[in-house]
1. What's the number of the only condition in (1) buried (at least 17 other Cβ atoms within 10 Å of the Cβ); (2) modelled with pLDDT under 90; (3) more than 31 Å from the chain's Cα centre (by Cα) that LEU474 fails to meet?
2. What number goes with the only condition from (1) part of a strand (DSSP E or B); (2) more than 12 Å from ALA281 (Cβ to Cβ) that ASP323 does not pass?
3. Kindly state which strands (runs of 3 or more DSSP E) lie completely within the range 172-268 and contain at least 3 residues that are of a type in the set (D, E, K, R).
4. Which residue out of LEU61, LEU75 is open to solvent by 20 Å² or more (accessible area, probe 1.4 Å), in contact with a Ser or Thr (Cβ under 6 Å, 6 or more places away or on another chain) and assigned to a strand (DSSP E or B)?
5. Here are some residues: ASP225, ASP275. Which one is at pLDDT below 95 and open to solvent by 40 Å² or more (accessible area, probe 1.4 Å)?
6. Select from the range 260-282 the residues that are out of contact with any Phe, Trp or Tyr (no Cβ under 9 Å at 6 or more places or on another chain) and not hydrophobic (A, V, I, L, M, F, W, C) and list them in ascending order.
7. Just to be sure I understand, how many residues within the range 119-176 are within 21 Å of GLY360 (Cα to Cα), open to solvent by less than 10 Å² (accessible area, probe 1.4 Å) and of a type in the set (S, T, N, Q)?
8. Where the second residue is open to solvent by 60 Å² or more (accessible area, probe 1.4 Å) and among the small types (Gly, Ala, Ser) and the first is over 14 Å from ASN148 (Cβ atoms) and outside any loop (DSSP other than H, G, I, E, B) and lies in the range 106-117, which pairs have Cβ atoms under 8 Å and are six or more apart or on separate chains?
Amino acid sequence: MNIVPRSLVFALVFALAFALAPDAAQADLNGDGIPDAIFPNHSTPNRLCLGDGAGGFSSCLDVSPDTFPTEDAALGDMDGDGDIDVVFPNASLPNRVCMNDGSGSFTCSNVSADTYSSIGEVLGDVNGDGDLDAIFLNTNQPNRVCMNDGSGGFTCSNVSAHTVETIDAELGNVDGDGDLDAVFSNWIQPNQTCINDGSGSFTCANIDGNSFNSRGMALGDVDGDGDLDALFANWGQPRRICTNNGSGSFTCANLNADSLNARGMTLGDVDGDGDLDAVFALDSQPNEVCTNNGLGSFTCSDVSSDTFASHDVTLGDVDRDHDLDAIFANVNQVNRVCTNDGGGGFTCANVSSDTFSTRGVAWSGGRIDDGPRLQVPGQVQIYLKDEGFLRHIPDVGTYNNLFRNWSGIQSMQVSEFPTGTAIASGSYLAREQGDSMVYFVEPGIVKRHITSGETMDAYYFDWAKIQVVPAGSLGGLPTGNPIY
């Protein structure tokens, strides 16, 4: 918890320039306000599955006619037009960027002329120019960083001269200097951390001297000391947790004694106790959820009795009940969505009848639930996570119009989350006289229905600050997506 004095925020917010990434209107792919999922497939068309908002998916359709050997996908606004695009890495064929028209219809083109054996990618602003760049993970070839020109055109170069078999990677500020560094998960070779100089130039070193069968990985503060730690999913060997000393130097140990066929993993608070838990995608073994005691010690159990060939997992609030559900990508079997009971217990069902060779999954709603107010340690700006995006709260008056007090602002690294439009200055809560429906109002822009008391509480909106306005006075404002 980070309680911020109002006077300090007021003084500093207006002294600092806004530093927003390209605007994004909503964190879904077809414009209906409900997050969706992308499933990359090997040598069959990649699939877009449209969320129904109730824990399932209404339908699945091809992203494009491409039938490339695709093993991963990443989502982000690559061309700065406010909707979510998709980037696909391909083995020995050009990587592809697919631009969204806002309705879930995509136009795909090559990222570059590269034909490396790419099996993964990660997106982030590595050179500090405000748009999303891409790093592609290659097999026994140098990993490549592709700088975005802001419109979805890329210029690519090597991250380093290393030619390791990289399976996964994540970006995060591991050395505390404010830019995005890269951590690479390597197969039968030491995992690496590559420190960014702020311009997208990296200096790489081994995390430690061990060489594991590492596949998936995730970054997050699992021991509660305010910096980013690294967890690695290993095949046939114990999974590893590497705690950060705050400057990008790691001390590694086994997560537990189990040696499982772990292919993918992700972090999120699945049991609602405020710390980061781990969920692992296991091949032909029950997938596992490992709950954290807050200090980086984990207790693991099966997500369900499923024993699919799971290759990847992502977390998101699929059924919009304010907890994190899990989506698993399975090879030549149905993909599975497992809805959370709020305490880390899951009930699983098929995403669709598709049985493609699915190697990854990308969820458009982000990794943490909507509603938290967030602040990066050492920075003054406060953000609201809304529709999967970080929205800057622009001034003290707007904050006080909406929220109960200054308690509960979470200190966390937010660089992995996409940044959307700032909340309009002067935004407020309102209902029309004679009507019980409560709205979040951005003056002159939009009104959005707050759908329940649980949502009011999740967003920390203040019931006492709901303004009663004349009947019909909100009718002239466009109606935006409901807040669930």
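1. (2)
2. All conditions pass for ASP323, except number (1).
3. 229-244
4. So the residue among LEU61, LEU75 that is open to solvent by 20 Å² or more (accessible area, probe 1.4 Å), in contact with a Ser or Thr (Cβ under 6 Å, 6 or more places away or on another chain) and assigned to a strand (DSSP E or B) is LEU75.
5. Just a single option satisfies the conditions, and that option is ASP225.
6. GLY268, ASP269, ASP271, GLY272, ASP273, GLY274, ASP275
7. Summing the residues that are within 21 Å of GLY360 (Cα to Cα), open to solvent by less than 10 Å² (accessible area, probe 1.4 Å) and of a type in the set (S, T, N, Q) in the range 119-176 gives 2.
8. Note: pairs meeting the criteria are SER117/SER92.
The values are calculated or read from the model by the stated rules, or taken from the named source; none is laboratory data. Here the structure is a predicted model, which means the values were calculated and not measured. For neighbour counting, all protein chains shown are included, and Cβ atoms are generated from backbone atoms with ideal geometry for every residue, glycine included. The protein model used for the area step is the full one, side chains on, heavy atoms only, and it has no ligands, DNA or RNA in it. Shrake-Rupley method; radii C 1.70, N 1.55, O 1.52, S 1.80 Å.
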